1. Cα convex hull of the chain: how many Å³ per residue?
2. Run the paramagnetic zone check for residue 179: 7 angstrom along Cα to Cβ, then residues of the stretch 16-43 with backbone nitrogen under 11 Å.
3. Just need the relative contact order of the stretch 60-185 here, percent rounded to a whole number, with Cα pairs under 8 Å and 6+ apart.
4. If you average the sequence gap of Cα pairs under 8 Å that are 6 or more apart and divide by the length of the stretch 7-230, what percent do you get for the contact order?
5. So if R0 is 30 Å, what FRET efficiency would residue 168 and residue 33 give, r being the distance between their Cβ atoms, rounded to the nearest 0.05?
6. In the chain, which whole DSSP H runs stretch at least 18 Å along their own axis (Cα) and average -1.0 or higher on the Kyte-Doolittle scale?
7. Give me, ordered by chain and number, the residues 5 or more places off residue 73 or on other chains with an amide H under 5 Å from its own placed amide H.
8. To the nearest 500 deg cm²/dmol, what mean residue ellipticity at 222 nm is calculated for the chain from DSSP H runs of n ≥ 4 alone, each contributing -39,500 (n - 2.57), summed and divided by the residues?
Amino acid sequence: MYIGIKCFTMLPIGDDDSDRRFAPLVNYALIAINVLVFVFLQGMGGNEKFTYAFSTVPAEILTGKDIAAGVLEPTPIPVYFTLITSMFMHGGWAHLLGNMLFLWVFGDNIENRIGHIRYLIFYLVCGIIASLSHVFVSGSDSLVPSLGASGAISGVLGGYLLLFPSRRVRVIMGRGITTVPAFVALGIWIVFQVISQLGVLGGDQGDGGVAYAAHIGGFIAGLALIKLFDIGVRKDSVLNS
């Protein structure tokens, strides 16, 4: 699952953080864990046994059984836990860096709004829902493993769009840097995901096996859940970091 930098005619590189109340420690930790897992556990993509053992396999989730066939490796944990482990693994440097860029730009604002613990739970829940969206679209016959933080990050983007639709986002557009409202920057991403998923459903394999259903599922989860996680948050509080 890959957010897909190249889908953007404008690439987000930053946003307005002037209202930050505290350091986004959870967001930093999520980025660090993703990088460390890729470098040390996945061997920068070279440790295929680890990658195939802890990725999400639709057939395993829908049957509840560990399947060690073909390239798949035995999973040393209950297969349902791969819905979580898979969201901290990546298929390559481009996959990792693209996802971490989006998490860096947009995740801190959500954490600043709803707090550390709520943000962590929100992120994980969106990631699980995203993976399940991919699983159910793929079906019980699919042995193709999926991995990546894109589904969870898509949830972050959905929450960001709902909470901060007009926030200024710095983007690379053409040969220069400019600012646009969040609904413009993220709107392009939404349209791309929908069109790409329609292409996959129509028989096109899409961009290198990108799990667009997970992106869309995660995004919808973010839209649906962010207001729930925002309940009771003091909007007038200002904390010194």
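Each value in this text was obtained by applying a stated rule to the coordinates, not by laboratory testing. What you see is a predicted model, and the numbers here were worked out from it, not measured in a lab. Note that each Cβ is placed from the backbone with ideal geometry, even for glycine, and that neighbours are counted across all protein chains shown.
1. Working: hull volume 30.1 nm³, N = 241.
Per residue, the Cα convex hull of the chain comes to 125 Å³.
2. Zone members listed by number: 16-18.
3. 27
4. Numbers: 364 pairs, mean separation 62.8, N = 224.
Relative contact order for the stretch 7-230 comes out at 28 percent.
5. On the way: r = 29 Å, r/R0 = 0.97.
The value I calculate is 0.55.
6. On the way: long enough: 93-114 (30 Å, 0.45); 116-138 (33 Å, 1.55); 150-163 (19 Å, 1.51); 182-201 (28 Å, 2.07); 212-230 (27 Å, 1.29).
Once both thresholds are applied, what remains is 93-114, 116-138, 150-163, 182-201, 212-230.
7. Under 5 Å from the amide H of residue 73: 53.
8. Roughly -17000 deg cm²/dmol at 222 nm, from the helical runs in the chain.
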